[in-house]
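What follows is a short report on a single structure.
The values are calculated or read from the model by the stated rules, or taken from the named source; none is laboratory data. On a predicted model such as this, the values are computed, not experimentally measured, just so you know. Cβ sites come from the backbone with ideal geometry, for glycine too, and all protein chains shown count toward neighbours. These accessible areas exclude ligands, DNA and RNA; they are computed on the full protein's heavy atoms, side chains included. Shrake-Rupley method; radii C 1.70, N 1.55, O 1.52, S 1.80 Å.
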Amino acid sequence: MNIWDWFYVQEALPYLYRGAVVTVQATLLGFAIALVLGLVFAIIRHAGGPLVSRAMAETVEFIRSTPLLLQVFFVYFVGPQFGIVIPAWIAGIGVLGIHYAAYCSEVYRAGIEAVDEGQWEASTALNLSPLRTWRVIILPQAIPPVVPGLGNYFIGMFKDTPILAAIAILEMLQRAKNFGAENYRYIEAITMAGIFYLVFSLVASAIVQAVGYWLNRRYHLT
Amino acid sequence: MSDAPMVRFENVTKRYGSLTVLDELNLDIAANEKVSIIGPSGSGKTTVLRMLMTLERINEGVIWVDGEPLTHEQRNGRMAPAGDRHLRRVRGKIGMVFQHFNLFPHMTALANCMEAPVSVLGLSKQEAEARAAELLDMVGLADKKGHYPIQLSGGQKQRVAIARALAMRPKVMLFDEVTSALDPELVGEVLNVIRKLGAEHNLTMLMVTHQMGFAREFSDRVCFFYGGRIAEQGPPDKLFNDPENERTRQFLSAVLEAG
Ligand SMILES: Nc1ncnc2c1ncn2[C@@H]1O[C@H](COP(=O)(O)OP(=O)(O)O)[C@@H](O)[C@H]1O
Ligand SMILES: [Mg+2]
């Protein structure tokens, strides 16, 4: 028996490909949720009154200090006992999104706090509305510098997608494992999955860098 | 209405925790009057401007602007602390220039001056651009419209900041040590713009300054702050040549010694 057999590579390829599509889709959708929701969390944290802001901070802390897998189980398995039945796909992506929103909100918060207090004061002195102040003055200065931090969580979430297997979503790694089990050959499928994760991570970090560079230039922050 | 003061502080008290920063301040400023505020560091000068700009809430008293209360509004026939809508409306009469410019770094000089006229006053882009260009011209920066703040010197930044505030057509302009962050050779160009403003515009001006020469030459009245109170005020000639308060004398001699 060869250590490496190209036959199995060929066999596994179409099977793994479908898993890769699931993994990429879950990452993109989940991260879109995390980006938007994380920003909402950060803004509530900053703009809410003492009570609301505190509640938001506690919520974020709670999400960050329980395991992702537990949260997935909670929504998918505990929910139905109370009549809340959520399809696996929605539960999985939703929980990934919310979990990473908590992390992203801390990144955004660092960016928002780094904006000079004088920017808020000038906005008030010019009578800009709160919405306009956030959208046109604060966020364009707060976000570009923290794109690398957000990008780290993008890749982190990507690497967490195998957790979806726990609620029967056939993502990449699960398929690699299944393929191995069926054929009594693990090395090719698992290695291919590994290469896929590596390549995706490299491409993703290049994209994150480009976006960061572009945003910083766009807003003349460098 | 015409002889009502443009700005009135009525028994205004401001505290930070147990520290009383302003203690029952009373101060009237007439329309078109130029008032300078001088005094030692920590005496509450900046706080006066920040309260008037509504950057700080006051603890007691009332601030009036142009005949109506700024810090309060009538609600159910009673004076209640001003809500956001009321604040936004009255605050529109006031403009402020800061020690550290506070320009929007991601916008050109022109865009800095257009943002609020478009989004707050509802001017069209063309109107706002015309207004901004005219003001930048007035402060001597017609050729810097497309520059970003980082490409400008301190003096140029501060002149953009003045143009930006004026673009909102305020009745009252506040200046908080607007030359303190500048290299000495750039102070003159900013003071010249302020002189020009005083001469050509119908503006009530309230400025905190360490430029004693300028305060003396430019203002109608000088207020000397000490420990959250006005220790002495009067026409500049009187206050600088013949101060009555011992603290004023000490302060002036210390400042003049330092050059
Ligand atoms: N946000 C704040 N919190 C606590 N103390 C403050 C705050 N802002 C100003 N102070 C205090 O209020 C006093 C007056 O400050 P300020 O008006 O800035 O003085 P000045 O401009 O005359 O130097 C100082 O003692 C200062 O330390
Ligand atoms: Mg000050």
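Buried area at the B:A interface is about 1900 square angstrom, summed over both chains, from accessible surfaces computed with a 1.4 angstrom probe. Rounded to the nearest 500, the helix-only mean residue ellipticity at 222 nm of chain A stands at -24500 deg cm²/dmol, with each DSSP H run of n ≥ 4 adding -39,500 (n - 2.57). Close amide H contacts of B:Phe175 (hydrogens built in the peptide plane, cut-off under 5 Å, sequence separation of 5 or more or a different chain): B:Val97, B:Leu206, B:Met207, B:Val208. Here the alpha carbons of the range B:106-169 define both size measures, Rg and Dmax, at 10.5, 31 Å. Average 1/r across all pairs of distinct alpha carbons in chain B, invert it, and you get the Kirkwood radius: 19.1 Å. Taken residue by residue and averaged, Cβ atoms of other chains lying within 10 Å of the Cβ of B:115-128 number 2.
Of all beta bridges that DSSP places with both ends in the protein assembly as shown, some 60 percent have antiparallel geometry. What residue among B:Gln158, B:Gln99, B:Gln74 shows peak mean-square fluctuation when chain B is described by a Gaussian network model with Cα springs under 10 Å? For chain B, modelled as a Gaussian network with Cα springs under 10 Å, the answer is B:Gln74. Take the range A:6-218 with all the other protein chains still there, run a 1.4 Å probe, and you get 50 Å² of accessible area per residue.
Within the accessible area of the range A:6-218, the carbon and sulfur atoms contribute 69%, probe 1.4 Å, all protein chains present.
Take each residue of peptide B:87-100, count the partner chain Cβ atoms within 10 Å of its Cβ, and average: the result is 3. For B:Glu232, the residues whose modelled amide H falls within less than 5 Å of its own, excluding neighbours fewer than 5 places apart on the same chain, are B:Phe224. Highest average first, the peptides A:192-198, B:13-19, A:175-181 ordered by how many other beta carbon atoms sit within 10 Å of their residues are A:175-181, A:192-198, B:13-19. Rounded, prolate or oblate: which fits chain A when a ≥ b ≥ c are the square roots of the eigenvalues of the alpha-carbon gyration tensor, with rounded for a/c under 1.5 and prolate only if a/b beats b/c? Oblate, since a/c reaches 1.5 and b/c is not below a/b.
Based on protein heavy atoms only, the range B:147-259 ends up with 45 Å² per residue of surface accessible to a 1.4 Å probe.
If Lys and Arg each add +1 and Asp and Glu each add -1, what is the summed charge of the other residues whose beta carbon sits under 15 Å from the beta carbon of B:Ala199?
-1
If you wrap the Cα atoms of the range B:19-121 in a convex hull and average its projected area over all directions, you get 8.8 nm². For chain B, set up a Gaussian network in which alpha carbons nearer than 10 Å are linked by springs, and say which option among B:Ala109, B:Ala128, B:Ala142 fluctuates the most. Answer for the Gaussian network model of chain B: B:Ala142.
Peptide A:125-136 has a mean of 6 when you count, residue by residue, the C-beta atoms of other protein chains within 10 Å of its C-beta. Helices meeting the span-like rule in chain A (full DSSP H runs, Cα extent of at least 27 Å along the helix axis, mean Kyte-Doolittle score of 1.0 or higher): A:6-47, A:187-218. Report in % the part of the accessible area of the range B:106-169 that belongs to carbon and sulfur, leaving out ligands and nucleic acids; probe 1.4 Å. Summing carbon and sulfur atoms, their accessible area is 48 percent of the total for the range B:106-169.
Per-residue surface analysis assigns B:Glu217 an accessible area of about 100 Å², computed on protein heavy atoms at 1.4 Å probe radius. Computed extension gain for A:Lys159 through A:Trp89, at 0.36 nm per residue and net of the alpha carbon distance, reaches 23.5 nm.
Each Lys and Arg Cβ is given +1 and each Asp and Glu Cβ -1; about its Cα centre, the protein assembly as shown then shows a dipole of about 920 debye. Among the chymotrypsin sites (Phe, Trp or Tyr not before Pro) within the range A:78-112, those in coil by DSSP and having at most 10 neighbouring Cβ atoms inside 10 Å are A:Phe82.
For the range B:143-174, a decrease in accessible area of 10 Å² or greater in the assembled protein chains relative to the isolated chain, with a 1.4 Å probe, applies to B:Tyr148, B:Ile150, B:Arg164, B:Met168.
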